[in-house]
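Input: a single structure, listed below in structure tokens.
The values are calculated or read from the model by the stated rules, or taken from the named source; none is laboratory data. Not measured: the values here are computed from a predicted model. Heads up, the Cβs are rebuilt from the backbone with ideal geometry, glycines too, and the neighbour counts pull from every protein chain shown. Each accessible area value is taken on the protein alone, full model and side chains, heavy atoms only, with ligands, DNA and RNA left out. Shrake-Rupley method; radii C 1.70, N 1.55, O 1.52, S 1.80 Å.
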Amino acid sequence: MTAFTINIPNHEVNFFKKMISKMGWTYSEVDVVRTPATPKEQTLAKIDHAFGQLRQMKDGELKGVNAEELLNEL
């Protein structure tokens, strides 16, 4: 077996993990060296997460909370 290392932007890690598992490959996070995300990468990751939640709401996998309920909880 051969191992290799690739550098992937933080906001795309989940995509590559899914791709690797679908292909039947394995990955290890033991040797991973993480660098702090840049502000741009952090912003893109948050936007990606928000769109992911919107997709889940659209597909009925996640229930949204309206603003009034949220404020009442606070």
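Do any chymotrypsin sites (Phe, Trp or Tyr not before Pro) in the chain lie in a loop, going by DSSP, with at most 13 other beta-carbon atoms within 10 Å of their beta carbon, and if so which? Of the chymotrypsin sites (Phe, Trp or Tyr not before Pro), the ones in loops of the chain whose Cβ has at most 13 other Cβ atoms within 10 Å are F4, W25, Y27.
Could you compute the net charge surrounding I20? Neighbours are other residues with a C-beta less than 14 Å from the C-beta of I20; K and R count +1, D and E count -1.
That works out to +1.
Using the heavy atoms of the protein chains alone and a 1.4 angstrom probe, what is the accessible area of the chain per residue in square angstrom? Write out the running numbers ahead of the final one.
Numbers: 7190 Å² over 74 residues.
I get 97 Å² per residue for this part.
Length gained on full extension, T38 to K63: 5.9 nm, using 0.36 nm per residue less the C-alpha separation. Relative to the longest principal axis of the Cα atoms of the chain, helix 13-22 runs at roughly 70 degrees.
Go through H49, H11 and list them by solvent-accessible area, largest first, probe radius 1.4 Å.
H49, H11
Per-residue surface analysis assigns T2 an accessible area of about 120 Å², computed on protein heavy atoms at 1.4 Å probe radius.
With all protein chains present, how much of the accessible area of the chain (probe radius 1.4 Å) comes from carbon and sulfur, to the nearest whole percent? So the carbon and sulfur contribution to the accessible surface is 58 percent. Taking Cα atoms only, the orientation of helix 39-58 departs from the longest principal axis of the chain by about 60 degrees. Mind sorting out which of (1) 33, 17, 10; (2) 15, 15, 10; (3) 41, 16, 10 is the real semi-axes √(5λ) of the Cα gyration tensor in Å computed from the coordinates? Evaluating semi-axes √(5λ) of the Cα gyration tensor in Å on these atoms matches (1). For the chain, the dipole from Cβ point charges (+1 on Lys and Arg, -1 on Asp and Glu) about the Cα centre works out to 300 debye, to the nearest 20.
Determine the order of T5, T35, T43 by accessible area, beginning with the largest, at a probe radius of 1.4 Å.
Descending order: T5, T35, T43.
For N72 and I8, a Förster radius of 35 Å and the Cβ-Cβ distance give a FRET efficiency of 0.25, rounded to the nearest 0.05. Here the label points at S21 and H49, each 7 Å from Cα along the C-beta direction, are separated by 1.9 nm in the simple model.
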